Amino acid sequence: MKDSDHGDFEPRLRALWVRAQAGDEDAYREALIRIAARVRAYFRRRLQYLPDEVEDLVQETLIALHLQRGTWDPALPVSAWVIAIARHKLIDLWRRRGRREALHEPLEGLEDSTLLSVEELPVRRDLLGLLDALTPAQRQAIALTKIEGLSVAEASQRSGVSVAALKVQVHRGLKRLMVLVKAES
Amino acid sequence: MKTSELIDVLSSGAGPAPRAVAAQRLVPIAVLGIVLSGVVSVSTLGPAPASMLTGVALWAKLGYAGTLAAAAGWLTACLARPVSRIATASRVLVGTACVMALLGSFSLASTSGPQRVEHLLGDSWAVCPWRVLVLSLPALAGALWAVRGLAPTRPRLAGFAAGLFAGSLGALGYALACPEVSLTFIAVWYSLGIALSGAVGAFLGPQVLRW
């Protein structure tokens with residue numbers, strides 16, 4: 001797949017990704033920023049008639065990547081894994097819309113670098129608004145650890161919920177968010 | 001929420017990635033599938049005659065179904081990932097079926113003419129594949145649930161693998177109750193029951209394995 005090798009994209013991403021998988025959060029953040037730019041370019045080329053959908057799909061892909069981090073096979077390129085998930089999300093979008101544009105291939109000779117910037121686009125859907133639909137325990141767990149940025153131990157002290165239970169609530173909350181995102185679109 | 005904010009949300013407190021996610025889901029299903037199939041078949045049909053403990057057929061059934069279950073479980077774990085290499089697992093799976101087919105053929109060839117039909121059909125050829133299929137359904141539901149919670153991008157193939165996995169587990173339990181003693185019988189009718197479960201999985205895959 002030509003999307004999986006763009007010069008030194010893969011080696012750099014892989015170095016970050018290996019550290020991220022072992023629990024290095026800074027490496028994980030940096031890897032996600034690079035992946036977001038890559039995936040954005042991928043979607044922009046394929047959604048030339050639906051530019052409004054691009055950023056929502058980027059966010060959906062990032063959440064799916066995060067929830068499915070354990071399914072990356074270290075024997076294979078990170079970018080191939082990322083693009084496989086992005087492609088799955090794109091096909092899913094076409095299916096939801098029931099349109100035939102899935103058959104449109106990107107124009108020949110138009111490369112990401114010439115046609116598309118990696119600038120973030122406006123989103124249509126606000127994930128923060130969706131947080132209200134979670135259970136109170138899930139919302140609290142996500143708000144404390146993810147939005148206020150407390151460590152799980154600090155959040156556990158603040159809320160009186162055990163560390164293990166908090167982790168479960170965060171994971172369930174993100175999964176639920178994923179379902180809500182699909183239901184909305 | 002902007003994407004850059006979402007990235008902060010996802011990465012803060014992320015911790016290390018979970019490991020062996022497919023095995024964690026499939027191993028309990030394998031154990032439950034075998035136990036359930038064994039208990040249901042022994043309690044409804046009665047255990048296989050004790051004389052089979054000294055024969056080759058019972059062990060051939062357990063060995064064949066067990067090896068198939070391991071290979072199909074491995075293949076299912078591969079197909080639960082968005083990208084994976086499936087060549088080795090597929091070869092082990094096909095190789096196992098071929099070895100059993102060869103054993104069944106030799107066994108049939110070494111049987112004298114008049115007994116061949118009996119050797120091939122036994123007493124239960126008409127029910128064996130269906131029993132294996134029914135006994136594998138709980139494991140099939142479990143395996144599809146397990147794969148759905150991961151990230152399959154080839155749903156029909158993943159459903160097929162999950163079906164073969166569940167079929168092998170059903171056959172493993174059914175072996176404890178099945179009185180047939182011919183290797184040819186195992187090679188044909190056990191394989192057919194497992195393949196039926198695979199077909200059900202392949203049929204359900206595209207509908208069920210969405211995420």
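All of the numbers you see were taken from the coordinates with simple rules; none came from a lab. Worth saying up front: this structure is predicted, and the values here are computed from it rather than measured. A quick note on method: Cβ atoms are made from the backbone with ideal geometry, for glycine too, and the neighbour counts reach across all protein chains shown.
Worth a mention:
- The angle between the Cα long axis of helix B:87-109 and the longest principal axis of the Cα atoms of chain B comes to about 10 degrees, rounded to the nearest 10.
- With the alpha-carbon atoms of the protein assembly as shown aligned to their principal axes, the span from lowest to highest coordinate is 79, 57, 37 Å, starting with the largest.
- Between the stretch A:75-92 and the stretch B:126-166, the Cα center-to-center distance that results, in Å: 24 Å
- Angle of helix B:128-148 to the longest C-alpha principal axis of chain B, folded into 0 to 90 degrees and rounded to 10: 10°.
- Degrees separating the helix B:21-45 axis from the principal Cα axis of chain B, which is the longest one: 30 degrees
- q = 0.22, 0.30 Å⁻¹, the stretch B:96-147: log10 I(q)/I(0) [Debye, one scatterer per Cα]: -0.90, -1.04
- Residue exposure sequence - B:S105, B:S110, B:S37, B:S11 - by fewest surrounding Cβ within 10 Å: B:S110, B:S105, B:S11, B:S37
- Column: log10 I(q)/I(0), Debye, Cα scatterers of chain B, q = 0.13, 0.18 Å⁻¹: -0.71, -1.17
- Per-residue mean of foreign Cβ neighbours for B:73-84 is 4 (Cβ atoms of other chains, 10 Å radius).
- Applying both filters, DSSP loop and at most 13 other Cβ atoms within 10 Å, to the trypsin sites (Lys or Arg not before Pro) of the stretch B:1-35 gives B:R19.
- Peptide A:68-80 has a mean of 5 when you count, residue by residue, the C-beta atoms of other protein chains within 10 Å of its C-beta.
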